[in-house]
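The values are calculated or read from the model by the stated rules, or taken from the named source; none is laboratory data. This structure is a prediction, so every number in the text was calculated from the model and none was measured. Counting neighbours? That spans all protein chains shown, and the Cβs are built from the backbone with ideal geometry, glycine included.
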């Protein structure tokens, strides 16, 4: 696995080794020992999630103020632009965002530690997004940062109006959103 740092420390782009031949490919999507050795942290995942979304669907920006979730995101089908926004007040990167394209072709994964809002935009006709979380979903602690907040200024690769749920359309601005210490 190749690990690349992003502009925000601890948000990491992971590229597994892909073995290709006439039959297709094989890759190891998750290995606890290798993850621990490369990332230098012992992460315990407790939940696997799978979402399927159509083109131009924008999900997020979600986080849990209590029971914060670290997430390991990958795409099994299609392409997405995946986003993490730092909501840790104590960090110099507070309020900054990082985004990367994840796809079934590049096999990249994004590790987002607890303390970040997460969202993605579907760039392909359909996308199946798989992600592991370090804590359980707790709807009573879920929060939503509005996807188009001008203070955060995410440069979404949009060529049309995104399809956004009513819950996500009513997300809070960065100035009003709860943040982590």
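Summary of computed values
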{"quantity": "Which listed residue is within 16 Å of the chain's Cα centre (by Cα), under 17 Å from residue 106 (Cβ atoms) and at pLDDT 95 or above, from 57, 75", "calculated": "75"}
{"quantity": "Those residues of the stretch 6-30 which are in contact with a strand residue (DSSP E or B) (Cβ under 6 Å, 6 or more places away or on another chain) and not in a loop (DSSP other than H, G, I, E, B), in sequence order", "calculated": "12, 13, 14, 15, 18, 19, 25, 26, 27"}
{"quantity": "Residue satisfying condition, being surrounded by fewer than 21 Cβ atoms within 10 Å (Cβ to Cβ), closer than 18 Å to residue 154 by Cα and under 17 Å from the mean Cα position of the chain (by Cα), within set 62, 50, 107", "calculated": "62"}
{"quantity": "Filter pass, residue 42 being in contact with a helix residue (DSSP H, G or I) (Cβ under 6 Å, 6 or more places away or on another chain), over 22 Å from residue 80 (Cα atoms), loosely packed, with under 11 Cβ neighbours inside 10 Å and modelled with pLDDT under 95", "calculated": "yes"}
{"quantity": "Qualifying residue in the stretch 149-157 (condition: under 18 Å from the mean Cα position of the chain (by Cα), farther than 13 Å from residue 60 by Cα and touching a residue at least 60 places away in the same chain (Cβ under 8 Å))", "calculated": "yes"}
{"quantity": "In the stretch 148-159, the residues that are under 15 Å from residue 123 (Cβ atoms) and modelled with pLDDT of 95 or more", "calculated": "154, 155, 156, 157, 158"}
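Table: residues versus (1) out of contact with any helix residue (DSSP H, G or I) (no Cβ under 7 Å at 6 or more places or on another chain); (2) buried (at least 17 other Cβ atoms within 10 Å of the Cβ); (3) under 13 Å from residue 16 (Cβ atoms).
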{"residue": "75", "(1), (2), (3)": "yes, yes, yes"}
{"residue": "84", "(1), (2), (3)": "yes, yes, no"}
{"residue": "90", "(1), (2), (3)": "yes, no, no"}
{"residue": "99", "(1), (2), (3)": "yes, yes, no"}
{"residue": "102", "(1), (2), (3)": "yes, yes, yes"}
{"residue": "112", "(1), (2), (3)": "yes, yes, no"}
